[in-house]
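**Q** My questions will all concern the structure given below.
The values are calculated or read from the model by the stated rules, or taken from the named source; none is laboratory data. All of these numbers come straight from a predicted model, not from anything done at the bench. Here the Cβ positions follow ideal geometry from the backbone for every residue, glycine too, while neighbour counts run over all protein chains shown. These area figures cover heavy atoms from the full protein model, side chains too; ligands, DNA and RNA do not enter into them. Shrake-Rupley method; radii C 1.70, N 1.55, O 1.52, S 1.80 Å.
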Amino acid sequence: MVFTKDEGAFITLDEGSRMTAEFRKTITNGDTIAHAVGANLVNAILNQDGCNGIRIYYALDENGNKQLVLVGVDANGDDITSGYIVDQTLPCPLSCSQKNPLNA
């Protein structure tokens, strides 16, 4: 598989708010709806030699809480497992944005 740096697509706020609203209908009030990660960690992954993007894995931490694991992806679409791997992103609720169409 070739990984070109153009994987994914931009969407409108309307599309994103519809999708996040549908997700919130499937969970219990207070469950994790989002995660935030700092630019320095994202940039560290992206600035690795041969990195063409980021893959995000769904994960559970040792307490059973939803978490994300981020890893660089090379031009072949393979994870760069010898480089930076990010965890301990900030879950919402706890670290949430002000109310907006994506989280209301």
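**Q** Mind listing whichever residues of the stretch 9-57 are free of Cβ contacts under 8 Å to residues at least 40 places away in the same chain, under 17 Å from the mean Cα position of the chain (by Cα) and assigned to a loop (DSSP other than H, G, I, E, B)?
**A** Residues satisfying the conditions are Ala9, Phe10, Ile11, Asp31, Gly38, Cys51.
**Q** Among Ile56, Ile33, which is the only one that is touching a strand residue (DSSP E or B) at 6+ places or on another chain (Cβ under 8 Å) and either of a type in the set (S, T, N, Q) or open to solvent by 60 Å² or more (accessible area, probe 1.4 Å) (or both)?
**A** Working: Ile33 fails: either of a type in the set (S, T, N, Q) or open to solvent by 60 Å² or more (accessible area, probe 1.4 Å) (or both).
One residue alone meets the criteria, Ile56.
**Q** Would you point out which residue out of Leu41, Leu94, Leu46 is among the hydrophobic types (A, V, I, L, M, F, W, C), open to solvent by 70 Å² or more (accessible area, probe 1.4 Å) and modelled with pLDDT under 95?
**A** On the way: Leu41 fails: modelled with pLDDT under 95; Leu46 fails: modelled with pLDDT under 95.
Result of the check over Leu41, Leu94, Leu46: Leu94.
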